[in-house]
């Protein structure tokens, strides 16, 4: 089964980004950083999601991120599906912080249960066909709106969402141009998908 090992964010200041992520999320090898000066404007077409156990954990991550320099796009709040909020890191990456639970069951923690990459694509059906052709198996599919892939025990989960819909969820304008500033490290790479997202062999991805 195809799995994702990590994602690499391309940033203009690696040291500053490293300080932010260490302080805000304390992430492990699932997130890597690489220097990049490629132009990028507006929405980059993807979000990263941190899924946690309870609302208090969402609040803890959001507070830590804002204290480290992130901007709040959507304050944490209850919804039909659970509890969550959205922040934007100083490097421009949009992060969704979410829990399916609506009530707390213990002390707050910043432990992350799932790390999810959501790609915003123009044509979900076409992108789904492309990725299944690359060996990814579909776990869930909701027509032309959303696709979730089965990535086994891999540390990074992958899903496709309509670009405009993902931007709405994130609380940003869907307009954007230039580099996605994202490299996806996987045993399926290297290739570039129809929406311009670059995949690389896990062992070859740039890291810091």
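The values are calculated or read from the model by the stated rules, or taken from the named source; none is laboratory data. Since the structure is predicted, the reported quantities are computational estimates derived from the model, not experimental observations. Don't worry about glycine lacking a Cβ; one is built from the backbone with ideal geometry, like all the others, and counts go over all protein chains shown.
Take the residues in the stretch 117-158 that are within 19 Å of residue 94 (Cα to Cα) and buried (at least 19 other Cβ atoms within 10 Å of the Cβ); name whichever of them is farthest from the chain's Cα centre (by Cα). Ranking the candidates gives 121 first.
Touching a helix residue (DSSP H, G or I) at 6+ places or on another chain (Cβ under 8 Å), loosely packed, with under 15 Cβ neighbours inside 10 Å and either within 23 Å of residue 25 (Cα to Cα) or in contact (Cβ under 8 Å) with a residue 24 or more places away in the chain (or both): does that describe residue 102?
Yes; evaluated as a whole, the condition is true for this residue.
Can you tell me which residues in the stretch 164-208 are touching a helix residue (DSSP H, G or I) at 6+ places or on another chain (Cβ under 7 Å), loosely packed, with under 15 Cβ neighbours inside 10 Å and either modelled with pLDDT of 95 or more or under 30 Å from residue 76 (Cα atoms) (or both)? Answer for the stretch 164-208, where residues must be touching a helix residue (DSSP H, G or I) at 6+ places or on another chain (Cβ under 7 Å), loosely packed, with under 15 Cβ neighbours inside 10 Å and either modelled with pLDDT of 95 or more or under 30 Å from residue 76 (Cα atoms) (or both): 173, 194. Being more than 28 Å from residue 42 (Cα to Cα), modelled with pLDDT under 95 and touching a strand residue (DSSP E or B) at 6+ places or on another chain (Cβ under 9 Å) is true of residue 137.
If I filter the stretch 71-80 for residues that are under 23 Å from residue 185 (Cβ atoms), part of a strand (DSSP E or B), modelled with pLDDT of 95 or more and over 16 Å from the mean Cα position of the chain (by Cα), do I get at least one hit? No, that holds for no residue. You will find that of 62, 89, 68, 38, the residue that is modelled with pLDDT of 95 or more and over 16 Å from the mean Cα position of the chain (by Cα) is 68 and no other.
Residue 27: under 25 Å from residue 160 (Cβ atoms), surrounded by fewer than 17 Cβ atoms within 10 Å (Cβ to Cβ) and touching a helix residue (DSSP H, G or I) at 6+ places or on another chain (Cβ under 7 Å), yes or no? Answer is yes for this residue. Figure legend. Inter-residue proximity from the stretch 145-165: first residues at positive phi, second residues modelled with pLDDT of 95 or more, beta-carbon distance below 8 Å, spacing 6+ or different chains. No pairs are indicated.
A count restricted to the stretch 3-24 and to residues that are within 30 Å of residue 135 (Cα to Cα), in contact with a helix residue (DSSP H, G or I) (Cβ under 6 Å, 6 or more places away or on another chain) and at pLDDT 95 or above stands at 1.
Residue by residue, here is whether (1) closer than 23 Å to residue 136 by Cα; (2) in a strand (DSSP E or B); (3) touching a residue at least 60 places away in the same chain (Cβ under 8 Å) holds:
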position	(1), (2), (3)
7	yes, yes, yes
17	no, no, yes
27	no, no, yes
34	no, yes, yes
47	yes, yes, yes
53	no, no, yes
57	no, no, no
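Taken across the stretch 80-88, residues that are out of contact with any strand residue (DSSP E or B) (no Cβ under 7 Å at 6 or more places or on another chain), more than 18 Å from residue 118 (Cα to Cα) and surrounded by fewer than 16 Cβ atoms within 10 Å (Cβ to Cβ) do occur, with at least one present.
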